[in-house]
Amino acid sequence: MRVCVFCGSRPGRGTQYVETARNFGRLLGERGIGLVYGGASVGTMGEIADAALASGGEVHGVIPHQLQSREIGHSGLTELHVVDSMHTRKAKMAELADAFVALPGGIGTLEELFEVWTWSMIGIHAKPLGLLDVKGFFRPLVSFADHLVAEEFLREQARELLIVDDDPVRLLDRLGVLA
């Protein structure tokens, strides 16, 4: 079992996001669940990878050539896939994963989240998708998704594909992620 985690190439404000990334990486490693992520050694991406590795976890990174120097590809992973484009990156990450979890991050994190959510809605995959809602980070996004349903631009069944929880253990359990 592998979980693809979308998160930031920056640490975010304060220490909570870094601590959450470390704790989530540790949790994956301790449960024997592999991590698939963006392949960087910086930001919350680097933190989650380091914590998963330190806990004995398997970590697969996927990074495009053009981000190799900016995001600084992680050299200590179980496997680092260096690919040609962002499109290839997302497809490879989805191929390697059995589930997806988004942690707080920037526009790249959101873009990856929306793509796999869309893929699920149109039947490209049937893998569970969750948000780890650290400090209410995703509350505005969830509210907006609910607004899309109310305005009939998103079906309720599509909204329900997105599982939201602020507890990492409970989120993995709700996603059905077992080692």
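The values are calculated or read from the model by the stated rules, or taken from the named source; none is laboratory data. The shown structure was predicted, so the numbers you read here are calculated from the model rather than taken from an experiment. Ideal geometry is used to build each Cβ from the backbone, glycine not excepted, and the neighbour counts take in all protein chains shown. Protein only, heavy atoms only, side chains kept; ligands, DNA and RNA dropped before computing areas. Shrake-Rupley method; radii C 1.70, N 1.55, O 1.52, S 1.80 Å.
Things worth noting here:
- Taken along the Cα-to-beta-carbon direction at a fixed 7 Å, the label points for ASN23 and ALA91 span 3.8 nm.
- Adding -39500 (n - 2.57) for every DSSP H run of four residues or longer, then dividing by how many residues the chain holds, sets the calculated 222 nm ellipticity at -13000 deg cm²/dmol.
- When a 1.4 Å probe is rolled over the protein heavy atoms, the share of accessible surface on the chain that falls to carbon and sulfur comes to 51 percent.
- D_trans [Stokes-Einstein, Kirkwood Rh over alpha-carbon pairs] for segment 108-163, 25 °C, 0.890 mPa s, µm² s⁻¹: 209
- Each part reduced to its alpha carbon centroid, segment 1-34 and segment 93-111 end up 11 Å apart.
- Extent along the principal axes, Cα only, for segment 90-136: 31, 19, 17 Å, with the longest axis given first.
- Full extension of the chain between HIS125 and GLU151 gives 6.8 nm of extra length, using 0.36 nm per residue less the Cα-Cα distance.
- Cβ charges +1 (Lys, Arg) and -1 (Asp, Glu), total dipole of segment 1-81, debye: 200
- Computed about its Cα centre, the charge dipole of segment 65-179 is approximately 200 debye, with only Lys, Arg, Asp and Glu carrying charge at their Cβ.
- Per residue, the solvent-accessible area of the chain (1.4 Å probe, heavy atoms of protein chains only, all protein chains present) comes to 48 Å².
- For segment 38-179, a Kirkwood radius taken over Cα pairs fed into Stokes-Einstein (37 °C, viscosity 0.692 mPa s) yields D = 205 µm²/s.
- A P(r) calculated from all alpha carbon pairs of segment 1-107, with 10 Å bins opening at zero, reads 18, 55, 26, 1 percent.
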